[in-house]
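Participant: One structure coming up, written as structure tokens, with questions to follow.
The values are calculated or read from the model by the stated rules, or taken from the named source; none is laboratory data. A quick note: this is a predicted structure, and the numbers were derived from the prediction, not measured. Methodologically, a virtual Cβ is constructed for each residue, glycine included, from the backbone with ideal geometry; neighbour enumeration extends over all protein chains shown.
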Amino acid sequence: MPVSTPLLDQVRTPADLRTLKTEQLRQLADELRAETVDAVSVTGGHLGAGLGVVELTVAIHYVFDTPADRLIWDVGHQCYPHKILTGRRDRIRTLRQGGGLSGFTRRTESAYDPFGAAHSSTSISAGLGMAVARDLTGGSNNIVCVIGDGAMSAGMAYEAMNNAGSTDTRLIVILNDNDMSIAPPVGAMSAYLSRLISSHSYRSLRHLMKDVSQKFPRPLQNAARRAEEYARGLVTGGTLFEELGFFYIGPIDGHNLDHLLPVLANIRDAAEGPILVHAVTQKGKGYEPAEQAADKYHGVSKFDVVTGTQAKPKANAPSYTKVFAQSLIGEAERDPAIVAVTAAMPEGTGLNLFEKRFPERCFDVGIAEQHAVTFAAGMAAEGLKPFAAIYSTFLQRAYDQVVHDVAIQRLPVRFAIDRAGVVGADGATHAGSFDIGFLGSLPGFVLMAAGDEADLMHMVATARAIEDRPSAVRYPRGEGIGMDLPEIGEPLEIGRGRVLREGSKIALLSYGGRLQECLQAAEDLAARGLSTTVADARFAKPLDGDLIRRLARDHEVMITIEEGATGGFAAFVLQFLALQGLLDQGLKIRPMVLPDVFLDQDRPEKQYEQAGLDAAHIVATALTALGNAAALETAVRA
């Protein structure tokens, strides 16, 4: 049997793809799926979502004239096959590596990425904006948004659809339903109806009947319109989207190119209005280990292609996420009022463990951080003790709810802020850089940051005990330091830090996960004859005023260290010192924060080195403040 000539080698850009015959696309899709699996086996990353849209990716680039036609992938988890087809195959094995390709779409990376994404549910809003800009500037290109059923759980998607549906703006939305959460099973009849409904002849007939019905009295006009919508709703199931003003087509099999191509060609040539195509796909399609996995290999580390076995490094200590989850379970064992809330991240936040123990007290509200916060506020108002476990970067999406629904009402919602600081391969879009500042500006909040795993346990217990105001505890991604942990956490005294090492010349005041780097820096400074105190603030709000005064009065140099942007913990300390008059007494104070740039993806230790928040940079900062040029030069060389 003759061996087929590889087609993927002939396709560097979608223009090359469009030179192929339609009967060749099945082979190309198979090769693209194999290339995606092989690439992710080397780099790790988001696999299942990309495997689920291989045929859809091929079909869109085949039918539409990208990049002139704009293709917007919501979130971007599924964009790896798209990157391979758009001139980036030679770099695909640098995904999520330092200096390599982003794991998401990025405008600066390619003309085929017209809108960057890594958070969900933004595609329809961005696409509508592009479509309006096109119309205002006299353009004629297509705007295509691909959004998953999970991202459709966020309110922003419906806000955008509601806006788009009230206009005649030509916009194409493809709903990638990979969880069967909306669609019934699809087959030949559904495919036929979708082709019929999307065809020019049907749409022309529909417009003709609309024009004719306008000659009727208004009651008959309304009856005719409702009858047509009802009839289509019976056979397609698209009533919701029709009510939002979209012309609904589907559901269709998102893995069947014979179904996809004619429907996409029909809607490409549509004259006006927003259209939604409902494609049903299977996450992890075509790679058996992914198809069989519970999470469809949503996010994976490096793995063996043949067996699917992931090469996860051996953990030296439990992750902060796991310590939080186990601590919360322990608190909930003793307090039946404790409940937990997550916004579609049960595994990422550790609440899947809590849910196994307390299924009736754990709530996954979908990709809806705004709702999650106000939902938790409602439970707090009725006397429950909600813990809202949300990544720092995702809490940004619910800031108004934190202000209006929690802080102003002083409701005791407890925020567990995971992924504080840099996050490695996920890059700038997922880094937890800003929560110290945006929460610290709110009256009444208690803000804590864990310097180690045991402290995190104590802070979970502290949050449980706070019943008169909101609180938050932040902690980094990754493993702890490997210390012995107590059986249970003990509530801390609010607004009290701790001193781990006493010195007399330099004071290092840490807030959060850089505490071990501070201790290492103190060892280095001591070796140079510089006596160094290391203190753990524990609280950014309220500050430990007594501790800060003592550090300022008893040391020549004081350095604050935090995993956050300018305007956070250091700003609070500096304001306190200024108001106390302690800046007028010759104190040399230096804040160390994340730099005023968005740090690109890399290994976390490399990111902290780039940020200047490792032990070597702490030492260099202290030597610079002392004016010790010779010692600084030696340190820099080292």
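Participant: From the list Leu519, Leu492, Leu515, which residue is within 27 Å of Ser327 (Cα to Cα) and out of contact with any Lys or Arg (no Cβ under 8 Å at 6 or more places or on another chain)?
Facilitator: Working: Leu519 fails: out of contact with any Lys or Arg (no Cβ under 8 Å at 6 or more places or on another chain); Leu492 fails: out of contact with any Lys or Arg (no Cβ under 8 Å at 6 or more places or on another chain).
It is Leu515.
Participant: Where residues in segment 77-99 are over 20 Å from the mean Cα position of the chain (by Cα) and farther than 19 Å from Lys302 by Cα, which of them is surrounded by the most Cβ atoms within 10 Å (Cβ to Cβ)?
Facilitator: Result: Leu85.
Participant: Which ones in segment 21-76 are assigned to a loop (DSSP other than H, G, I, E, B), at pLDDT 95 or above and either surrounded by fewer than 20 Cβ atoms within 10 Å (Cβ to Cβ) or touching a Cys at 6+ places or on another chain (Cβ under 9 Å) (or both)?
Facilitator: Lys21, Val53, Asp65, Pro67, Ala68, Asp69, Asp74
Participant: When residues of segment 113-133 are filtered for being touching a strand residue (DSSP E or B) at 6+ places or on another chain (Cβ under 7 Å) and either surrounded by fewer than 24 Cβ atoms within 10 Å (Cβ to Cβ) or farther than 20 Å from Cys79 by Cα (or both), how many remain?
Facilitator: Selection size over segment 113-133: 7.
Participant: Restricting the search to segment 547-581, which residues are within 23 Å of Leu439 (Cβ to Cβ), of a type outside the set (Gly, Ala, Ser) and free of Cβ contacts under 8 Å to residues at least 12 places away in the same chain?
Facilitator: Passing the criteria: Gln575, Leu579.
Participant: Okay, next question. I'd like the residue in segment 332-351 that is touching a strand residue (DSSP E or B) at 6+ places or on another chain (Cβ under 6 Å) and in a helix (DSSP H, G or I) and, out of all such residues, is farthest from Gly480 (Cα to Cα).
Facilitator: Ala332
Participant: Scan segment 524-575 for residues that are within 30 Å of the chain's Cα centre (by Cα), among the aliphatic types (A, V, I, L, M) and assigned to a strand (DSSP E or B) and jot them down.
Facilitator: Ala540, Ile561 - these are the residues of segment 524-575 that are within 30 Å of the chain's Cα centre (by Cα), among the aliphatic types (A, V, I, L, M) and assigned to a strand (DSSP E or B).
Participant: Regarding segment 137-147, can at least one residue be identified that is at pLDDT below 95, crowded, with 22+ Cβ neighbours inside 10 Å and either in the same structural domain as Leu71 (by TED's automatic domain parsing) or in contact with a helix residue (DSSP H, G or I) (Cβ under 8 Å, 6 or more places away or on another chain) (or both)?
Facilitator: No, segment 137-147 contains no residue that is at pLDDT below 95, crowded, with 22+ Cβ neighbours inside 10 Å and either in the same structural domain as Leu71 (by TED's automatic domain parsing) or in contact with a helix residue (DSSP H, G or I) (Cβ under 8 Å, 6 or more places away or on another chain) (or both).
Participant: Just to be sure I understand, how many residues within segment 267-299 are more than 15 Å from Ile249 (Cα to Cα) and among the hydrophobic types (A, V, I, L, M, F, W, C)?
Facilitator: So the count comes out to 4.
Participant: Is there any pair linking a residue in segment 332-348 that is at positive phi to one that is acidic (Asp, Glu), with Cβ under 8 Å and at least six apart or on different chains, and which?
Facilitator: So the pair list comes out as Ala344/Asp364.
Participant: May I pose another question? If you scan segment 390-417, which residues turn out to be under 15 Å from Gly440 (Cα atoms) and among the hydroxyl-bearing types (Ser, Thr, Tyr)?
Facilitator: Once the filter is applied, which keeps residues that are under 15 Å from Gly440 (Cα atoms) and among the hydroxyl-bearing types (Ser, Thr, Tyr), segment 390-417 yields Ser392, Tyr399.
Participant: Residues Gly489, Gly444, Gly495: which one is at pLDDT 95 or above, among the small types (Gly, Ala, Ser), in contact with a strand residue (DSSP E or B) (Cβ under 6 Å, 6 or more places away or on another chain) and in a loop (DSSP other than H, G, I, E, B)? Give the derivation first.
Facilitator: Numbers: Gly489 fails: in contact with a strand residue (DSSP E or B) (Cβ under 6 Å, 6 or more places away or on another chain); Gly444 fails: in contact with a strand residue (DSSP E or B) (Cβ under 6 Å, 6 or more places away or on another chain).
It is Gly495.
Participant: Looking at (1) more than 22 Å from Gly116 (Cβ to Cβ); (2) in a helix (DSSP H, G or I), which one does Ala389 not meet, given that it meets all the others?
Facilitator: If we test Ala389 against (1) more than 22 Å from Gly116 (Cβ to Cβ); (2) in a helix (DSSP H, G or I), just (2) comes out false.
Participant: Restricting the search to segment 357-386, which residues are in a helix (DSSP H, G or I), under 24 Å from the mean Cα position of the chain (by Cα) and over 16 Å from Gly150 (Cα atoms)?
Facilitator: Val373, Thr374, Phe375, Ala376, Ala377
Participant: Can you find even one residue in segment 168-181 that is at pLDDT 95 or above, closer than 15 Å to Gly245 by Cβ, part of a helix (DSSP H, G or I) and hydrophobic (A, V, I, L, M, F, W, C)?
Facilitator: no
Participant: Regarding segment 60-72, can at least one residue be identified that is free of Cβ contacts under 8 Å to residues at least 24 places away in the same chain and among the basic types (Lys, Arg)?
Facilitator: The answer is no; no qualifying residue exists.
Participant: Would you check if Gly366 is in the same structural domain as Arg464 (by TED's automatic domain parsing), at pLDDT below 95 and touching a Ser or Thr at 6+ places or on another chain (Cβ under 6 Å)?
Facilitator: Taking the combined requirement at face value, the residue satisfies it.
Participant: Using beta carbons and a limit of 6 Å, which pairs, at least six apart or on different chains, have the first residue in segment 593-605 and under 24 Å from Leu508 (Cα atoms) and the second one polar (S, T, N, Q) and surrounded by 13 or more Cβ atoms within 10 Å (Cβ to Cβ)?
Facilitator: Every condition considered, the pairs that remain are Val593/Thr566; Leu594/Ser433.
Participant: Does Ala522 satisfy being at pLDDT 95 or above, within 14 Å of Asp614 (Cβ to Cβ) and not polar (S, T, N, Q)?
Facilitator: Details: at pLDDT 95 or above: yes; within 14 Å of Asp614 (Cβ to Cβ): yes; not polar (S, T, N, Q): yes.
So Ala522 fits the description; yes.
Participant: Does Gly284 meet the test of being touching a Gly at 6+ places or on another chain (Cβ under 8 Å) and of a type outside the set (Lys, Arg)?
Facilitator: Answer is yes for this residue.
Participant: How many residues are of a type outside the set (Gly, Ala, Ser) and exposed (fewer than 15 other Cβ atoms within 10 Å of the Cβ) when one looks only at segment 584-594?
Facilitator: 2
Participant: Look at Phe415 and say whether it is buried (at least 24 other Cβ atoms within 10 Å of the Cβ), assigned by TED's automatic domain parsing to the domain that holds Cys362 and among the aromatic types (Phe, Trp, Tyr).
Facilitator: It is true that Phe415 is buried (at least 24 other Cβ atoms within 10 Å of the Cβ), assigned by TED's automatic domain parsing to the domain that holds Cys362 and among the aromatic types (Phe, Trp, Tyr).
Participant: Quick check on Ser102: is it crowded, with 23+ Cβ neighbours inside 10 Å, in the same structural domain as Glu35 (by TED's automatic domain parsing) and either at pLDDT 95 or above or among the aliphatic types (A, V, I, L, M) (or both)?
Facilitator: Yes; evaluated as a whole, the condition is true for this residue.
Participant: A follow-up question, please. Output the residues belonging to segment 399-428 that are among the hydrophobic types (A, V, I, L, M, F, W, C), outside any strand (DSSP E or B) and within 28 Å of Asp602 (Cβ to Cβ).
Facilitator: The answer is Ala420, Val422, Val423, Ala425, Ala428.
Participant: Right, here's the next one. Out of (1) in a helix (DSSP H, G or I); (2) in contact with a strand residue (DSSP E or B) (Cβ under 9 Å, 6 or more places away or on another chain); (3) modelled with pLDDT of 95 or more, the odd one out for Leu583 is which?
Facilitator: (3)
Participant: While we're here: Can you give me the number of residues within segment 305-331 that are assigned to a helix (DSSP H, G or I) and among the hydrophobic types (A, V, I, L, M, F, W, C)?
Facilitator: 5
Participant: Still on this structure, I have one more. Would you pick out the residues in segment 285-304 that are part of a loop (DSSP other than H, G, I, E, B) and surrounded by 24 or more Cβ atoms within 10 Å (Cβ to Cβ)?
Facilitator: Listed by number, the list holds a single entry, Tyr297.
Participant: While we're on this one: Condition check: among the acidic types (Asp, Glu), surrounded by 21 or more Cβ atoms within 10 Å (Cβ to Cβ) and touching a helix residue (DSSP H, G or I) at 6+ places or on another chain (Cβ under 8 Å). Does Asp536 satisfy that?
Facilitator: yes
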